[in-house]
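A short reminder: the numbers here are calculations on the coordinates, not readings from a lab. Source: prediction; values computed, not measured. Cβ placement follows ideal geometry from the backbone for every residue including glycine, while neighbour counts extend to all protein chains displayed.
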Amino acid sequence: MTLRTMFMVGTFWLLVIAGAAVGAGKEPAGQMVDSGSFGVFMNGKRVATETFSIQQSGGASTTSAQVKEEGGSGASQSSELQITSAGAVIRYEWHELNPGKSALVIVPNNEFLIERVTQNPGDKPAEQPFLMPNTSIVLDNNFLIHREVLAWRYLASSCAHNSGPMRCGPAQFGAIVPQERTSTRVNVQPVGEEKVKIRDTERQLLRINIKSDDDEWALWLDPEDHYKLLRVVKAGANTEVLRD
């Protein structure tokens, strides 16, 4: 990858997690960084659709998503992640829209994080503190867009350019897994560019692998379109995710 490529990655990540300073008490208009939908396929059959958007405004970004299952059940859930220009969590919310009404929220607890889970409206939330810095990644297993945000953070923080092409090395990030109420270490390993056929069209995409204690994912990002996430495969699960 060239110096121009590195500049594109750094600039795009800044659009996600950084913004212009707020002047004269006025909040600048939000800028849409990415939006669209992913199709989730199991054994070649579409089983769910995730719609998402990432918007940057001022010194923060907001990543919103909604997942709806295909077929009769129509189960759905939504989430919203807000982070600062330094990557610190401002607030994460998850809501079950159908069939239940459970919800959770993750907020800073001094320099750490705490999760509050409500099973039913009106119930007293159960609290789960984490001895993890508030700059930890929120990696909800139900939302693919969180992996795109992780990939951008990796490209911006773990790739360097000296006198030759940009080089990326392995990296490790601390992450919170909200639905499991646990924390984990996520290892990111660069693979390089690969030719991948997506809907009968061959594309040259950048691949990275993401591995945690329980899961392993392969991600393909588009170098020609700001490293947006196009394809995800979960190891050993016959599961493939494609951007619509």
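Quick notes on this one:
- Think of each Lys and Arg Cβ as +1 and each Asp and Glu Cβ as -1; about the Cα centre, that makes the dipole of the chain roughly 360 debye.
- Note on Arg46 and Glu180: the model spin-label points, each 7 Å out from Cα along the C-beta direction, lie 2.9 nm apart.
- Against the set (1) 68, 48, 26; (2) 58, 52, 34; (3) 48, 39, 33, the structure's computed Cα extents along the principal axes in Å falls on (2).
- In this Cβ point-charge picture (+1 for Lys and Arg, -1 for Asp and Glu), the range 83-190 has a dipole of about 240 debye about its Cα centre.
- With contacts taken as Cα pairs under 8 Å and at least 6 residues apart, the chain reaches a relative contact order of 15 percent.
- Packing around the peptides 228-238, 140-150, taken as the average count of other Cβ atoms within 10 Å per residue, puts them in this order, highest first: 140-150, 228-238.
- Considering helices alone, the calculated mean residue ellipticity of the chain at 222 nm is -4000 deg cm²/dmol, with DSSP H runs of length four and up weighted by -39500 (n - 2.57) and normalised per residue.
- Amide H contacts of Asp34 (H built 1.01 Å from N, in plane; Pro and chain starts excluded): Ile54 sit under 5 Å, all sequence-distant by 5 or more or on other chains.
- Spatial separation of Cα centroids for the range 180-244 and the range 77-130, in angstrom: 26 Å
- For the options Thr182, Thr62, Thr51, a Gaussian network treatment of the chain with springs between C-alpha atoms closer than 10 Å singles out Thr182 as fluctuating the most.
- Chain lengthening between Asn98 and Val191 when straightened (0.36 nm per residue, less Cα-Cα): 29.6 nm
- Ile198-Lys124 FRET efficiency (beta carbon distance; Förster radius 41 Å; 0.05 resolution): 0.30
- Taking a ≥ b ≥ c as the square roots of the eigenvalues of the alpha carbon gyration tensor, the range 137-244 is oblate, as a/c is not under 1.5 and a/b does not beat b/c.
- Fewest-first ranking of Trp217, Trp152, Trp94, using other Cβ atoms within 10 Å as the exposure measure: Trp217, Trp94, Trp152
- Pairs of Lys in the chain closer than 28 Å at Cα, counting only those 8 or more apart or on different chains: 22
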